[in-house]
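Trainee: Here you go, one structure.
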Amino acid sequence: MTTNCIKFTSADIETAKGVGSISTLTFDLDITVEPVASTNPMAPTHRVLGRSPRGKLVECGGIWKKQNKETGADYFTLTIRDHGFNANLGKAASQDDLSLQAIIPWGPKDAA
């Protein structure tokens with residue numbers, strides 16, 4: 001599996017499980033994502049789990065479904081809490097498989 005991607009079990013990302021990895025200059029993390037059942041529209045769609053130094057699965061972030069204010073298109077964002085890592089999910093380059101999502105990092109918003 002290439003880094004900075006999540007392979008979901010289906011193209012219906014909102015309800016699918018997935019596995020992937022995120023590599024940066026400061027951390028390298030294999031992740032598992034599991035759907036969350038919630039009626040709260042502000043709740044994440046997925047829990048993101050990573051492995052502790054002793055090998056235990058621990059919740060380290062989430063995936064949220066958002067809507068583009070200009071186009072109304074749905075998209076997903078990912079956060080890894082301990083590293084302050086934020087990213088959007090999108091179709092992986094040169095791929096037609098919608099179940100394979102690239103993790104596209106973006107920096108924190110500057111406080112104005």
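The values are calculated or read from the model by the stated rules, or taken from the named source; none is laboratory data. Since we're looking at a predicted model, the values are computed, not measured. We place every Cβ from the backbone using ideal geometry, glycine too, and count neighbours over all the protein chains shown. Surface accessibility is based on the protein's heavy atoms, side chains included, excluding ligands, DNA and RNA. Shrake-Rupley method; radii C 1.70, N 1.55, O 1.52, S 1.80 Å.
Trainee: What are the residue pairs meeting all of these: first residue in the stretch 49-77, first residue free of Cβ contacts under 8 Å to residues at least 24 places away in the same chain, second residue among the polar types (S, T, N, Q) and outside any strand (DSSP E or B), Cβ atoms under 7 Å, and 6 or more apart or on different chains?
Mentor: VAL58/SER52; TRP64/THR45; TYR75/ASN68
Trainee: Can you tell me which residue in the stretch 34-85 is least open to solvent (accessible area, probe 1.4 Å), limited to those that are assigned to a strand (DSSP E or B) and farther than 18 Å from GLY18 by Cα?
Mentor: Here the answer is PHE85.
Trainee: Kindly indicate whether any position in the stretch 27-38 is farther than 20 Å from LEU57 by Cβ and touching a residue at least 40 places away in the same chain (Cβ under 8 Å).
Mentor: No, every residue in the stretch 27-38 fails to be farther than 20 Å from LEU57 by Cβ and touching a residue at least 40 places away in the same chain (Cβ under 8 Å).
Trainee: Name the residue that is farthest from PRO105 (Cα to Cα), counting only residues in the stretch 5-17 that are in a strand (DSSP E or B) and open to solvent by less than 30 Å² (accessible area, probe 1.4 Å).
Mentor: Of everything passing the filter in the stretch 5-17, PHE8 is farthest from PRO105 (Cα to Cα).
Trainee: Identify, please: which residue in the stretch 18-33 is of a type in the set (S, T, N, Q) and assigned to a loop (DSSP other than H, G, I, E, B) and is, among those, least open to solvent (accessible area, probe 1.4 Å)?
Mentor: Only one residue tops the list, namely THR24.
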